[in-house]
Amino acid sequence: DHPARGPSHPFGDAVRPDFSGTRAATGDCSSRSGVSAMALFTELSVNDQGPLSEESSGKPFGEIIRDYEALPDVKWRFGKPNYARVNKMYFENRSMVHPEGSLESVVSKLVKNWEVESHHIADPGQWNTMDVGKFQAAVNGGVPGDAQLMADIGPYCLLLGDKLRDGMTFEESNKLFGGVFSEGYAWEVLQVLSGPPDVTFKWRHFGKFTGTYVDKCGNKYYGNGEMLNLIGLCIAKVSEKLIIETLDIYYNPDDLMKPLVEQGKLGEGEVPIRDPDESDARKINGGCCSKQEANNCSMM
């Protein structure tokens, strides 16, 4: 349920189109922006360091949605990320266009900058969107994880937990969902319900199932290109300088995982999992992807 805009919203107005897959009020961004799909991860190199490009900021689309400023000596986990592909997905399919300077716009940039660090900077000592000494993230009221845990296992494993196979690594989870959402998995703020220090906001994750999902048993499901939407709520405790101290995230993981097997086309000879949470369903032939392959920058 996404209420129409109105004067009762205390943090500024926003254009609120639906989720039908039509482009938001910004128009056909792919034709006017001149940006290409995100560079292939095989073209990325750990030797490529330095600040994010204007392409990653969103500037070619006429709007800065990510203004992350890395430390001068930043060490990118897999090499400098490039967000051109997910930006294209975001601008073409977002449901909200928030005014510059609105609380929604501020929160959106904060979360997108947080994603840069949590996915692409391995050393929490180089993070600047979070208070590393205080930071904790919890999902649906569960046991919280600290900054080092998130750096070790990655946001996908932290947020999805036992929905993924046991022992899945940071790199494997990135490769898995980069393969599912081959055109990018974007994120937007829908509505901010309360301002700092406890910022409560509703969010949407979205992307087209254009790739392949591999379940816990190794079965492959091929996407049909349908847009998948994931809606959730987050309470972020921040400092006066908007440094994140805690994240309490609420959503239904099945809203992401079930469509991948229900809407995907099962590969020939594959056998679907009856109960994704059965212990025997956790067995899967491993195989690590390279760190370079994991850097597909397909989120946010």
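Is there a residue being modelled with pLDDT under 95 and either part of a loop (DSSP other than H, G, I, E, B) or polar (S, T, N, Q) (or both) anywhere in the range 104-113? The answer is no, given that none of the residues of the range 104-113 is modelled with pLDDT under 95 and either part of a loop (DSSP other than H, G, I, E, B) or polar (S, T, N, Q) (or both). Applying the criterion of at least 2 residues that are within 25 Å of GLU240 (Cβ to Cβ) to the helices (runs of 4 or more DSSP H) found wholly in the range 120-216 leaves 147-153. What are the pairs, 6+ residues apart or on separate chains, where a residue within the range 252-265 that is closer than 17 Å to GLY142 by Cβ and part of a loop (DSSP other than H, G, I, E, B) has its Cβ under 6 Å from a residue that is open to solvent by 20 Å² or more (accessible area, probe 1.4 Å) and small (Gly, Ala, Ser)? No pair meets every condition. If we scan the range 76-85, do we find a residue that is open to solvent by 50 Å² or more (accessible area, probe 1.4 Å) and of a type outside the set (Gly, Ala, Ser)? No, there is no match, as no residue in the range 76-85 is open to solvent by 50 Å² or more (accessible area, probe 1.4 Å) and of a type outside the set (Gly, Ala, Ser). Any residue at all in the range 107-114 that is on the phi > 0 side of the Ramachandran plot, surrounded by fewer than 23 Cβ atoms within 10 Å (Cβ to Cβ) and either charged (D, E, K, R) or out of contact with any Asp or Glu (no Cβ under 9 Å at 6 or more places or on another chain) (or both)? Checking the range 107-114: not a single residue is on the phi > 0 side of the Ramachandran plot, surrounded by fewer than 23 Cβ atoms within 10 Å (Cβ to Cβ) and either charged (D, E, K, R) or out of contact with any Asp or Glu (no Cβ under 9 Å at 6 or more places or on another chain) (or both).
Selection of first residues in the range 138-163 that are at positive phi and of second residues that are open to solvent by 50 Å² or more (accessible area, probe 1.4 Å) and not acidic (Asp, Glu), restricted to Cβ pairs under 7 Å at least 6 apart or on distinct chains, gives the following pairs, ordered by first then second residue: ASN140/TYR250. Please work out if ALA138 is touching a helix residue (DSSP H, G or I) at 6+ places or on another chain (Cβ under 9 Å) and not hydroxyl-bearing (Ser, Thr, Tyr). When the stated conditions are applied, ALA138 does not pass them. Screening GLU69 on (1) open to solvent by less than 60 Å² (accessible area, probe 1.4 Å); (2) modelled with pLDDT under 95; (3) part of a loop (DSSP other than H, G, I, E, B) shows it passes everything except condition (1).
Only a single criterion out of (1) closer than 29 Å to VAL214 by Cα; (2) touching a helix residue (DSSP H, G or I) at 6+ places or on another chain (Cβ under 7 Å) is not satisfied by ASP146, namely (2).
Criterion first (open to solvent by 50 Å² or more (accessible area, probe 1.4 Å), modelled with pLDDT under 95 and within 22 Å of ILE65 (Cα to Cα)) does GLY101 satisfy it?
yes
Checking the stated criteria, GLY101 turns out not to satisfy the condition of being more than 24 Å from VAL261 (Cβ to Cβ), assigned to a loop (DSSP other than H, G, I, E, B) and free of Cβ contacts under 8 Å to residues at least 60 places away in the same chain.
Here's the yes/no breakdown for (1) buried (at least 20 other Cβ atoms within 10 Å of the Cβ); (2) at pLDDT below 95:
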residue: VAL116; (1), (2): yes, no
residue: ALA137; (1), (2): yes, no
residue: PRO144; (1), (2): no, no
residue: SER173; (1), (2): yes, yes
residue: GLY178; (1), (2): yes, yes
residue: ALA186; (1), (2): yes, no
residue: PHE206; (1), (2): yes, no
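The values are calculated or read from the model by the stated rules, or taken from the named source; none is laboratory data. Being a predicted model, the structure only gives us computed values, none of them experimental. Ideal geometry is used to build each Cβ from the backbone, glycine not excepted, and the neighbour counts take in all protein chains shown. For accessibility, only protein heavy atoms count, side chains too; no ligands or nucleic acids. Shrake-Rupley method; radii C 1.70, N 1.55, O 1.52, S 1.80 Å.
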